[in-house]
Amino acid sequence: MILIIAAILRFWRIESLTTFGGDQGYDFLIVKRMIVDGKLTLLGPKLGPYSNIANVYLGPAYYYLIAPFLLLFRFDPIGPAILMVLLSLATILMIYLIGMNFFSKMIAILASSLYAFNATFIDQSRIALNPLPIPFFSSILIFSVFKVFFSKSSSLLWPILMGLSIGVLFQLHYLAISFIPPLLIILVIFKNLKKLALSLISFLIAVSPQVLFELRHQFFITNQLIKRISQGNDLSSPASFSTQVGRSIQLISKIFLNIEISIPVAVLLLITLILIYVNRQKEKRSILFLLLLVISNVIFASLYSADLQLHYFVSVYASLVLLISIAFFWMFNFFKNFLVKTLLLILLAQIFASNIANLNLSSPEGYTMPKGWNLKGVKKASAIIAADAGPSKFNIAATLDGDTRARPYRYLVEVAGKIPEDVERYPTSDVLYLVARDEDEVIKRYTVWEVASFAPFKIDKKWEIQNGIKLYKLVKTD
């Protein structure tokens, strides 16, 4: 029943509520060329915004993960979005299995429910973006670690899955390095060299495309990363690190309560840590491992000096819902007072109510999309451009958000068989298609480079797309 309701919430109006922005347009175009033109790549998505010092890239696992769904759906952007939903549903199932196998049925039900009905997780589940499959692979990793070290399973499947999952996680986002300290602690404690060797081999197999790229290109990614760290301002200073830790805890609180306060999660983790020592030895190590994952993620995320984002904590989504569920039932059973039990139930109900109230299932735009804009609008504008574009050199721009170079439209127009000019060739194009919400006179006074460099121009055509957003056809007049 949990999975059915979770699926309905995630698939509901998915074409309107998914996100199709600049990142997706850039990534999907690379994958499309992999499939159609055979331009296979060993290099993955760029990490973070453009830097004039050095740009860091991930491994290619994400591209090969979404490629089958892009092909299956005939290059419709909805394909990778559906894959993300399926991975989110699989994560709910994995959380249930972790709770059921290593804790209790009630913890399994509560933890999977907390994940299934969380507004942030639902929003993110519809987005094809490289960090967002991480909860699924992290839940695979947690299950495998528990099987190998706490259940003492003799099956070789679990150390293999452990190595493969950490290899994929490392390629999805480098913050997956936060898994390493807890894993090393576990390995030092249990000293199982055979399973360690098997996991290491599996990890190397998973990251082999990235390793091969590095060997073929004189360790390009490694050199870029070193240059970025040594010459940039990406690392927190000792003074700002504590501020970033507080900000990390605020964001984790926001994930569950939709408000940015530091106390609830911090207190919850402290209570959980205390309760570990008054409960059964059997569960102590597994809960400590989950806590170490959260602490390690907060530390590594806080080392980053720039503004922290919610997706920096995707690595511990599964750990957090399990810890919250464990803490809730321990406190509920520990305190015998009826008033305390009632307060705990009210707090739990508040968490669910807050998330249900923030589902935004009737929203006209997808998560992080410009107001009033969604995949349907992008498709409509792109279809008009593809049909209208003639032999003249044309380009595409947009001013709805920071993606002024209109990556999503470029992708769909290329899929339709028309190739716009390169993003550096706005001044030399003959025609510019512009997606904007501003009126004609404002368009003519634009200072954004993609439009200003095209001047002088006249507005040749205009199409109303949706919610006051228009597509302009600008033609050079000189």
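The values are calculated or read from the model by the stated rules, or taken from the named source; none is laboratory data. What you see is a predicted model; the values in this text were computed from it and never measured. Here Cβ is always computed from backbone atoms with ideal geometry, including for glycine, and neighbour counts include all displayed protein chains.
Observations, loosely collected:
- Answer residue from segment 128-161, given it is modelled with pLDDT of 90 or more and among the small types (G, A, S) and is farthest from the chain's Cα centre (by Cα) among those: S144
- Restricting attention to segment 334-367 and to residues that are assigned to a loop (DSSP other than H, G, I, E, B) and more than 22 Å from the chain's Cα centre (by Cα), the residue that is surrounded by the most Cβ atoms within 10 Å (Cβ to Cβ) turns out to be F335.
- Only one of Y62, Y26 that is more than 22 Å from V211 (Cβ to Cβ) and among the hydroxyl-bearing types (S, T, Y): Y26
- Helices (runs of 4 or more DSSP H) (entirely within segment 371-453) containing at least 3 residues that are over 26 Å from the mean Cα position of the chain (by Cα): 375-388, 440-444, 449-452
- Among the residues of segment 382-408, those identified as under 21 Å from F457 (Cα atoms) and touching a residue at least 60 places away in the same chain (Cβ under 8 Å) are I384, I385, D388, L400, R405, A406.
- Within segment 30-44, the set of residues being closer than 19 Å to L132 by Cβ and either assigned by TED's automatic domain parsing to the domain that holds I396 or surrounded by fewer than 22 Cβ atoms within 10 Å (Cβ to Cβ) (or both) comprises just one member, I30.
- Odd one out for S248 among (1) closer than 16 Å to G167 by Cα; (2) not assigned by TED's automatic domain parsing to the domain that holds Y57: (1)
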